[in-house]
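Everything on this sheet refers to the single structure shown next.
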Amino acid sequence: MGLLSDPSRRKVLTGLLTRLNTPICIVCYLAGIVWFMGLAFEPFTLRTYMSENAMGSTMVEERFSSGERALSLAKEFDAHKRKAGGMPVEWLVKAMQSRGLEVFTQSFSRKLPFPDENKERYMVRGTNVYGILRAPRAPRTEALVITAPCSPGNTNNQAVALLLALAQYFRNQIYWAKDIIFLVNEHDLIGTQAWLEGYHHTNITGMEYSPLQGRAGSIQAALSLELSSDVITSLDLVLEGLNGQLPNLDLANLFYAFCQKLGVLCTIQGKLQRNDWDTAEGYTHAAQTMMLMVLKQACGRSWGDHGLFLRYHIEAASVRGINSFRHYKTDATTIGRLLEGMVRKLNNLLERLHQSYFFYLLPSLSRFVSIGYYMPAFGLLAVILLLRVSFPGLCHCFSVSLQPSSPGVLTVLTPVVISHLTGVALYLLPVHLQEMAVEHFPVSETEAVVLTAIAIYTAGLALPHNTQRLLSGEGTEQGWKVLKLTALLYLAVLLGCTALINFSLGFILAVTLVPITASITPHMPKALYALVMVLLSPAFTILYCVFIYQELIEAPVSVSEGWMLFLSVISQGILDHALYGSLVYPLLALFIYPCWLMFWNILFWN
Amino acid sequence: FRLSSLIGHISTCPSLIGQCCQRHPGSVDEFQEELVIRPLHSGDIYASFQFRTLWDTDFLQEGQKVSHYRLFPKSLGQVLSKFSVRELHISFTQGFWRTMQWGQPFIPSPPGAELWVWFHDTVSDVDGNWKELTNVLSGIFCASLNFIDLTNTVQPSASFKPLGLGNATDHRFLRYATLPREIVCTENLTPWKKLLPCGSKAGLAVLLKSEKLFHSSFHSQAVHIRPVCQDEQCTSKAWELRQTLNVVFDLYTAGQGKKEWSLFKMFSRTLTEACPLATSSKVYVDITDNPELFELSPATPLLSQAVVLGDRRTYSVFDLTRAETFGQLRSLNLLLRWKGDGGEMLRPLLHAERYVAGFGLQTGEIHTVIYNNHPYRAFPVLLMDSVPWYLQLYIHTLTVTSKSRDNKPSYIHYQPAKDRHRPHLLEMLIQLPPHSMTEVTVQFERALLKWTEYTPDPNHGFYVGSSVVSALVPSMVAMNTNFTQDQPLFSSFVPVKEESSYFVRVYTEPLLVNLPTPDFSMPYNVICLTCTVVAVGYGSFYNLLTRTFQVDEPSLPLAKRLANLIRRIRGVPLLT
């Protein structure tokens, strides 16, 4: 730090930074990307290990043996589900009661802001059924949750049946220290949300539900179970929750440990682990797994029922049975044993899971990248924005703009305010204008919402012309520099905050937004740069993510299919915000998009 | 002399008992033992032991020294006289009484340890006595009662009235504390059993085997000491020691799912004799429910009716002091078999539950829900809440609603907490409308503790003791207000003052609340980071801020300096 106190050396440093600004920025950007891609390289990652003492050394012996009974129960459940045309509430209540649980039901209803075309629902009415296994000699202060969604059609029957079989088996054991809640929820996430809000007596999403009658204290952990076939070939662990929240890494470790113990094939992001990290294929495989995790986390939605628990500080994960046509088969008994082992270990917990990491990326189930390793990748991108603030000419204009005679403040304030108003319109109008849109155009409500959103987004591009009209006189050279300074600092703060909460989202936005925002000036060739800017705007980022995601899950789509997916992603994003309180849509509409518009204004500065 | 040697002596030579009693005609110390077995609606089985020792002395009178103990345990007797205790109630409970499935217990108790003591009104330093008493009791019962201090002790103004003789109302002499985190196990059972005159060697106490008692859904043991009348006219006072032990065996884990219970299955023992020191030794089996669906063997002609908790019940009585009870096998193994259909929840007249609402680590809300399931009668209840200081209650947010209407409590006693000194105490008298659900909510903020104040395993959370709902519940049948000696013990604990109602105390579940907890593995990292930041950042900034910058004169070459020296001497202008 002698550097700062020595004026001549300080001069050299600033001189170097100004002179080599562009090369340094380019190097930083490339280094950031390379660093990120390097995270998937096995020698750079850490091996996962169980941090929690209470779950480590006390391996339990699994004795669950009624897998066959669970399968016949699944058939029975299926029959009753068909007969009831939905969730067979009475049958479930009876089934749980006969297994010695305290059974309660909760009814809920929710009107979606606009029809969900993916799941074909608008007015949702349903019932959650849950049974509580009271732990002997425990004072009802702690609980674990096992949940299985009651899905329409043929899916998930085995999950509900296995849940009931586990309940029966667990009821006969003496060693429980925490109450266990067996929850069968209807309408997947909406039901879970209603139950969680009822359990914690909150109302954050405007759901209507009947109050819960039975509770079991503070929930320590939750497991969600999704099984749709009698035998499975592998189990997939889903961790990504609402707003990119992740459960404690120990939960993943626990799952992995039991898969190893029982010899069950386990995957994450649907990808098996490979051992050949030193080959190109091995590295690509790990990189793909990690990229999938980043994409899933970035979109901020809950990828299973577990995702909604995380808001309430309940560590939760979904276990999904996959039946691909491999030779290796696992039967229901083994899955039951796996769950038994996991629940028993969670039962042994003295404290909430807190020992291991909450911020991590997983290139495979046995390897993880902690926050200390992945943050530099983002930091290298973010530092570009700060370096550009010291861009020659941009630096001293700040002091100029503070002088009262300068026209700076007003010229800057107008585009800032107008861009944000556009953002507010993008946030509010699509849902509120759907009726009007449906009246005037031959579209459905969902299409109306999505198309309105796209229309407002596109209309924002015409903003510079309108902004100019509002301004008296021409934009000065000083003007755009002050605006750019503001916009750069604004973007740096925005991305920094986003990356702290949801690294993936922050990183993806930084990758696309940083290069163009760092280099933009009004003196560029307008048409070319306008095209580049649009191609790197937030909406196109989403589009690319859709294509990359489809590519990574090995289901590539054509351009038109991709476009349809893109539209449904937007509608899902808006729905997730309204139903579960996902924050990605408001973040993009209210902050990122206006910020991008400010740069767009600079390009068209006259 | 030692109690065990006495018992050994007596059991080998039964004729001695009579002799010793005849030798002291004045002393009428008396010991009764009783076991009530109630098959529960849910298929579980409830066994409640009560042992009553009466001690015919009044050591609180001036100048009376007590040095001779017969049946009453000396360890407790000394404690009573030393600390001038008027009444002492202590319970250790592992588990939560499930009112919705099991109905009301004979003597309720909250999870963990509960201690409440009325001191004699001659005591000047109540807090000092209380502190010492808890430490002594902690030694006697091998429990962590020494964790009771002023931060978890309250003085309820109305909820805990003396149960024995005397009409003390000045709650300055009352201390109440709970330890919800207390775990109860064998080490607490053994000292409890040692207080019995026969120990666990004879009588009903042989059934108290810890490997079975702790293989249950609920286990609660208690000691109640109070002054009572010696006879109906109340001419003389006696001390009563009631030791109770309640246990519920689970249908699935202990009963293998069969509704078939026997003494052997429950306790892995059968009864062979009464405690030789006991004046009465009885086993009651509740056979009110489904007399036709119910099978009890061996059958007994002795039936007894009692009004307990607002309900008239019929009991089969087995008198262990009579030899024919044991039959030819010389052992009594009760066998119960019934075919009732359990599973449905009960609707007890009074029921309460409690939970924490909200999420996040800043604020929260405590909800206490009290149900009055009486179809047409309203009745008042006293709700008592003692909340530790680290949950800072916002008492202005206190709301009481019944049937979605504001329900104004007719009496509120609130004592705010003092940080690190005393807990919140909130007592309210609330009128419960018939067939209603009353919800009491109050918001709180979680305090930031000092880092040394966190308990071990801080991420487990912090306990808030059960709230206590005390009420006189309208009775369906006329209660028995007569005081008779031959009443069964289980129905005579709480004095009944009027026929139309009976006293019930309901404890809610304790709460487990997470407080903002620092990462205790972090201090090392934080120290390293802070030191680095201070050293590097602060040092250089301080340097920058305090240093004055000057343009340095370039130093002259040696020749010029020499020339200047000569010029200075000569007095001509210097070179630059």
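Can you tally the net charge around B:Asn333? Count Lys and Arg as +1, Asp and Glu as -1, for every other residue whose Cβ sits under 12 Å from the Cβ of B:Asn333.
My count for the surroundings of B:Asn333 gives +3.
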- region B:414-483 and region A:273-352: distance between their alpha carbon centers, rounded to Å: 42
- Message: Compute the distance from the alpha-carbon center of region B:95-170 to that of region B:542-568, in whole Å.
- Response: 85
- Task: Grab the other residues whose beta carbon is less than 13 angstrom from that of A:Leu225, score K and R as +1, D and E as -1, and report the net.
- Result: -4
- Relative to the longest principal Cα axis of chain A, at what angle does helix A:188-199 sit, 0 to 90 degrees, rounded to 10? 80
- Task: Would you kindly derive the ³J(HN,Hα) couplings of region B:320-336 from the backbone phi angles with the Karplus curve 6.51 cos²θ - 1.76 cosθ + 1.60 (θ = phi - 60°), listing them in order in whole Hz, with x for Gly and Pro?
- Result: 6, 7, 9, 5, 5, 4, 8, x, 6, 6, 6, 8, 10, 10, 5, 10, 10
- Rounded if a/c is under 1.5, else prolate if a/b is larger than b/c, else oblate: which is region A:20-83, with a ≥ b ≥ c the root eigenvalues of its Cα gyration tensor? oblate
- Task: For region B:313-447, calculate the relative contact order in percent as a whole number, restricting contacts to Cα pairs under 8 Å that are 6 or more residues apart.
- Result: 29
- Message: Cut-off under 12 Å on the C-alpha distance; same-chain residues fewer than 8 positions from A:Lys178 excluded. Which aspartates and glutamates are left, in chain and number order?
- Response: A:Glu142, A:Glu351
- Rounded to the nearest 0.05, FRET efficiency between B:Leu565 and B:Cys531 (Cβ-Cβ, R0 60 Å) equals 0.75
- Neighbourhood charge, 11 Å Cβ-Cβ cut-off, centred on B:Leu575 and excluding it, Lys, Arg +1 and Asp, Glu -1: +4
- A correct Karplus calculation of ³J(HN,Hα) over region A:598-603, with 6.51 cos²θ - 1.76 cosθ + 1.60, θ = phi - 60°, whole Hz and x for Gly and Pro, returns 4, 5, 4, 4, 5, 4
- Amide H to amide H under 5 Å from A:Ala222: which residues, 5+ apart in sequence or cross-chain, H placed 1.01 Å off N in plane? A:Val145, A:Glu315, A:Ala316, A:Ala317
- Query: Gap in Å between the Cα centre of region A:543-606 and the Cα centre of region B:185-242?
  - Reply: 71
- From the backbone phi of region A:95-111, what are the Karplus-calculated ³J(HN,Hα) couplings (6.51 cos²θ - 1.76 cosθ + 1.60, θ = phi - 60°) in whole Hz, Gly and Pro given as x? 4, 6, 4, 5, 8, x, 9, 8, 10, 9, 10, 9, 9, 8, 8, 8, 9
- Note on the structure: Rounded to the nearest 500, the 222 nm mean residue ellipticity computed for the protein assembly as shown from DSSP H runs (n ≥ 4, each -39500 (n - 2.57)) alone is -11000 deg cm²/dmol
- Item | FRET efficiency, B:Thr279 to A:Tyr49 (Cβ-Cβ, R0 60 Å, nearest 0.05) | 0.40
- Item | In degrees, nearest ten, helix A:526-535 long axis to first principal axis of chain A (Cα) | 10
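Suppose R0 equals 25 Å; then what is the FRET efficiency for B:Lys161 and B:Asp121 from their Cβ-Cβ distance, rounded to the nearest 0.05?
The computed FRET efficiency comes out at 0.95.
Report, as an integer, the average count of C-beta atoms from other chains found within 10 Å of each Cβ along B:352-359.
For this peptide, the per-residue mean of nearby foreign Cβ atoms is 5.
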- Query: Using unit Cβ charges (K, R positive; D, E negative) and no other charged atoms, how large, in debye to the nearest 20, is the dipole of chain B about its Cα centre?
  - Reply: 1920
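Please figure out what share of the DSSP beta bridges in chain A is antiparallel and state it in percent, rounded to the nearest 5.
So the antiparallel bridges amount to about 55 percent of the total.
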- Which is the longest run of chain A containing none of the chymotrypsin sites (Phe, Trp or Tyr not before Pro) found in DSSP loop states (not H, G, I, E, B) with at most 13 other C-beta atoms within 10 Å? A:329-606
- Message: If amide hydrogens are placed 1.01 Å from N in the peptide plane, which non-local residues have theirs closer than 5 Å to the one on B:Asp29?
- Response: B:Asp56
- Query: Peptide A:138-150: average number of partner chain Cβ atoms within 10 Å per residue?
  - Reply: 4
- Rounded to the nearest 10 degrees, what's the angle between the helix B:558-570 long axis and the longest principal axis of chain B, both from Cα atoms, 0 to 90? 70
- Item | Residue mean of other protein chain beta carbons inside 10 Å, B:386-397 | 0
- Task: Report the extension gain between B:Tyr69 and B:Thr455 in nm, rounded to one decimal, defined as 0.36 nm multiplied by the number of residues separating them, less their alpha carbon distance.
- Result: 134.8 nm
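Each value in this text was obtained by applying a stated rule to the coordinates, not by laboratory testing. Computed from a prediction, not measured in an experiment: that's the story for all the values here. Every residue, glycine as well, gets a Cβ built from its backbone with ideal geometry; the counts of neighbours run over all protein chains shown.
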